[in-house]
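*Asks:* Pasting a structure below so you can have a look.
The values are calculated or read from the model by the stated rules, or taken from the named source; none is laboratory data. Computed from a predicted model, the values in this text were never measured in an experiment. For neighbour counting, all protein chains shown are included, and Cβ atoms are generated from backbone atoms with ideal geometry for every residue, glycine included.
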Amino acid sequence: MIKVLLFAGLAEQAKTSVIELDEKQAAISKIKTLLKEQYDLHAIDNAMIAVNEAYVKENITLSTGDTIAFIPPVSGG
Amino acid sequence: MNRFQITTQPIIVEDIVKKVEKREAGAITTFIGTVREWTAGRRTVRLEYEAYEPMAVQMLSQIGAEISAKWEGAEAAITHRVGVLDIGEAAVVIAVSSPHRKAAYEANEYAIERIKQIVPIWKKEIWEDGEEWIGDQLETTAYPNGKPDLEKGDSHD
C-alpha cells in the first residue's frame, strides 16, 4: 500500500487529504495518472512532489509503506 | 527548545525573541506577518492556514541553516501558525539575532522570502463573498521554474 497526501485545493477537489493506493510498487508517473483518472486531479501537474518528506524531481518508483505528498504552490507567510 | 515550529495557538512574540537572545548579539530583528483585512479592494473576513507539518518544520530549519551560513553569527527562530486566524492576528513570527544590525535586518527579510518559496504551508482566504486557496490559482506563478528553488540558499548574492 502506498499512501498519497493531498493539501489545500487538491484535497478539496479530491474531497479527501489521504488516499491509500493498493499497489506494491508504482512509479510517480503511474500514481499521477491514477489520480487524474480516479479523482480528476489535473492540477497535480503544478504540484511539487515529496516522497517520505523529501522533495524529489525524478520519476522514482515507490514501494509499499512509502508516502507521496503532492504540494501545490505554497502561500505561507 | 525548538527554534522552528508550527503551532495552532496564538504566537507570543516575546517567546520567539527569547530563542535567539545571546550575549554575542548586538541586534535582534523581528518580523510579524499579520492577517490583512483589505487586499485590492476586497475584504477578507478571516484566513485559514494548512501545513504539511513535518516537512514544514524541516524547511523552516533549512532556512535557519541557510541564514547561519550566509550571515556569520546570525541565528533565526521562526514560528508559523495554522488553523483559522482573524484579522490582525500574527500568522508568522521571525526573530533573527546577529552581532550587527545590518545582518539581522537582511537575514530576517531573507527568511520571509524563503518561507514563501519552499515551506509547505497554504493560505485560504475567506472573503465576504467567497473563498479560495491562494497559490493554487491561475493568476499566481508561485513556481516560475516549475519547482521551488531549493538550492537558492547555496548561492551568495
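*Asks:* Residues to consider are A:Ile71, A:Ile44; find the one that is under 22 Å from B:Arg81 (Cα atoms) and within 14 Å of chain B (Cβ to nearest Cβ). First the steps, then the outcome.
*Replies:* Details: A:Ile44 fails: under 22 Å from B:Arg81 (Cα atoms).
Exactly one of A:Ile71, A:Ile44 is under 22 Å from B:Arg81 (Cα atoms) and within 14 Å of chain B (Cβ to nearest Cβ), namely A:Ile71.
*Asks:* How many residues are more than 7 Å from chain A (Cβ to nearest Cβ), surrounded by 13 or more Cβ atoms within 10 Å (Cβ to Cβ) and among the acidic types (Asp, Glu) if we restrict to segment B:115-136?
*Replies:* Here the count works out to 3.
*Asks:* For B:Glu75, are the conditions met, namely being at pLDDT 95 or above, in contact with a Ser or Thr (Cβ under 7 Å, 6 or more places away or on another chain) and more than 14 Å from chain A (Cβ to nearest Cβ)? So that I can check it myself, show each step before the final result.
*Replies:* Numbers: at pLDDT 95 or above: yes; in contact with a Ser or Thr (Cβ under 7 Å, 6 or more places away or on another chain): yes; more than 14 Å from chain A (Cβ to nearest Cβ): yes.
Yes, satisfied.
*Asks:* While we're here: Of all residues in segment B:65-92, count the ones that are on the phi < 0 side of the Ramachandran plot and surrounded by fewer than 23 Cβ atoms within 10 Å (Cβ to Cβ).
*Replies:* Counting residues in segment B:65-92 that are on the phi < 0 side of the Ramachandran plot and surrounded by fewer than 23 Cβ atoms within 10 Å (Cβ to Cβ) gives 16.
*Asks:* Moving on. Take segment A:47-68 and flag every residue that is at positive phi and within 14 Å of chain B (Cβ to nearest Cβ).
*Replies:* A:Asn52, A:Glu53
*Asks:* Which ones in segment B:25-63 are within 11 Å of chain A (Cβ to nearest Cβ) and among the aromatic types (Phe, Trp, Tyr)?
*Replies:* Within segment B:25-63, B:Phe31, B:Tyr49, B:Tyr52 meet the criteria.
*Asks:* If you don't mind, another one. Counting only residues that are of a type in the set (D, E, K, R) and in contact with a Phe, Trp or Tyr (Cβ under 7 Å, 6 or more places away or on another chain), how many does segment B:107-129 have? Give the steps one after another, and end with the answer.
*Replies:* Initial filter on segment B:107-129 (of a type in the set (D, E, K, R)): B:109, B:113-114, B:116, B:123-125, B:128-129.
Checking which are in contact with a Phe, Trp or Tyr (Cβ under 7 Å, 6 or more places away or on another chain) leaves us with B:123-124.
So the answer is 2.
*Asks:* Sort out for me the strands (runs of 3 or more DSSP E) sitting completely within segment B:1-84 that have 2 or more residues that are more than 30 Å from A:Glu12 (Cα to Cα).
*Replies:* In segment B:1-84, the matching strands (runs of 3 or more DSSP E) lie at B:27-34, B:75-81.
*Asks:* (1) within 11 Å of the chain's Cα centre (by Cα); (2) charged (D, E, K, R); (3) more than 10 Å from chain B (Cβ to nearest Cβ): which one isn't true of A:Glu23, the others all being true?
*Replies:* (1)
*Asks:* Still on this structure, I have one more. Looking at A:Ala27, A:Ala69, A:Ala11, which is the one that is touching a residue at least 60 places away in the same chain (Cβ under 8 Å) and among the hydrophobic types (A, V, I, L, M, F, W, C)?
*Replies:* A:Ala69
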